[in-house]
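Readers should treat all values here as calculations from the given coordinates under stated rules, not as data from a laboratory. A quick note: this is a predicted structure, and the numbers were derived from the prediction, not measured. Counting neighbours? That spans all protein chains shown, and the Cβs are built from the backbone with ideal geometry, glycine included.
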Amino acid sequence: MQKYQQSANTEQVYNKANSFTDIAGSTNNSGTLKRIRHLYDNIGSIPSNFRAVVKQACSDIFNKPNHEERLFTLQKMVLAEIDQLEDKNLARYLNYRYRYDIYPQDKKIDDFPPCVQIEPTSICNYRCVFCYQTDKNLTQGKHGHMGMMSLDLFKNIIDQIEGNVEAVTLASRGEPLMAKSIIPMLMYASKKFLAFKINTNASFLNEEKIHALLSAEPNTLVFSADAADSDLYAKLRVNGDLDKVVSNIKLFSDIRQKHYPQNKTIVRVSGVRYSKEQHFEDIEKFWGRYTDQVAFVSYNPWESAYDAQTNNIQDHCSDLWRRTFVWWDGTINPCDVDYRSTLAVGNIRRELLTDVWQGSKYHNLRNLHSNKRRCEITPCNGCILV
Ligand code: SF4
């Protein structure tokens, strides 16, 4: 299978914020902008602790139409998220989103990261060709990376971040719906965040899990798929069965229509642009029948972070200012490109997330990146994320 040309050595970079190369689905742009305008006109009425950030976000949106690159803009995916929100949550959302988009560019942090990814389990039933699950150094039991998060640990994380973080994603190295406690986890996190998302390959969807997902009503539910025909799907998503996944997603749609007609979750199929055998229009048409959005993320060589040759990228990595990962055993890791956790910055079983985020290990990593010295760190030295 021929991959799209993408070599770390040519200094081709991967920018997470711009990694969605396509997204299909409708948004109510003018309605959303009117709501934000109203908020801007009444800026004095929003809580003082995030008024300045929201004011800057609104100013970027309305006052600088010929925006420079760093200015805050509303991407289609963000507009869709705002569409679901009640007016009373708009300021909170903009406060989060501005920090998510702009703080990495300004190299600024505050008490908590804009986004936290929680890993209910590191175990996955698939071995996708572009994924680190193909690396036995990750999956073999003797390396100690495989496991499932306890419900108590999950609750501890949620309690720490509720009210401080708006973007929470249940996913990292494994398939979240394989976690033993996934249903109570969903229930516990439900309605506590404004950008609550779960990613799944949909192979473990069943009636019980579908009801749990629909009751918990995450803001976004992402089904990962990159093909519209069974052969290519099985080639990319090794161990995957497209017919099974489609029938699970149809069941999800049926249950949603019948029992949860008011459910506001954005359902997205998201695939990786990886092979010339993929026909994106067909994929979009195929999956668009079952979901609200279809998106493709650019390929980043996730599966070979430690083997990549050192590159000459000197720009800092946005993840260090944007998000953090908490893995099933409580390890706090700055990213999942480093899936073997060589850069671990703490453990939430022993430390508070806010302390780790503002602590010396993170500070040292950020310093090296800020001073164009990421080449001194593995796997940052071969990573293309900026
Ligand atoms: S390996 Fe380094 S550069 Fe790559 S995503 Fe992780 S922290 Fe960023």
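Points worth noting:
- In terms of its C-alpha gyration tensor, the range 140-213 comes out oblate, because a/c is 1.5 or above while a/b does not outweigh b/c.
- Nearest-0.05 FRET efficiency for N63 and F204, computed from C-beta distance (R0 51 Å): 0.60
- 10 Å binning of all Cα-Cα separations within the range 91-158, expressed as whole percents from 0 upward: 16, 30, 27, 25, 2
- Taking max minus min of the alpha-carbon positions on each principal axis, the range 147-270 gives extents of 44, 35, 22 Å, largest first.
- By the equivalent-ellipsoid construction on the alpha carbon gyration tensor, the range 259-350 comes out with semi-axes of 32, 22, 11 Å, ordered largest to smallest.
- Value of relative contact order over the chain, rounded to a whole percent, pairs C-alpha under 8 Å and six or more apart: 23 percent
- Summarising the amide proton neighbourhood of T331: residues at separation of 5 or more, or on other chains, whose placed amide H is nearer than 5 Å comprise I348.
- Gyration tensor verdict on the range 345-386 (Cα atoms; rounded if a/c is under 1.5, prolate if a/b is larger than b/c, oblate otherwise): prolate
- Set of lysines near K142 by C-alpha distance (under 24 Å), chain-local residues within fewer than 8 positions excluded: K180
- For the options P113, P47, P218, a Gaussian network treatment of the chain with springs between C-alpha atoms closer than 10 Å singles out P47 as fluctuating the most.
- By the equivalent-ellipsoid construction on the alpha carbon gyration tensor, the range 63-191 comes out with semi-axes of 32, 19, 14 Å, ordered largest to smallest.
- With both labels modelled 7 Å from their Cα along Cα-to-Cβ, the Q314 to N42 distance reads 4.9 nm.
- Taking the three principal axes of the alpha carbon atoms in the chain, the coordinate ranges are 55, 55, 43 Å, sorted in descending order.
- A full extension of the chain between K107 and F280 corresponds to an added length of 58.8 nm, given 0.36 nm per residue minus the alpha carbon distance.
- Approximate spin-label separation Q140-D231, in nm, with each point projected 7 Å along Cα-to-Cβ: 3.5 nm
- Restraint check, K76/K192; K88/K197; K197/K372; K191/K285, Cα-Cα greater than 26 Å: K197/K372; K191/K285
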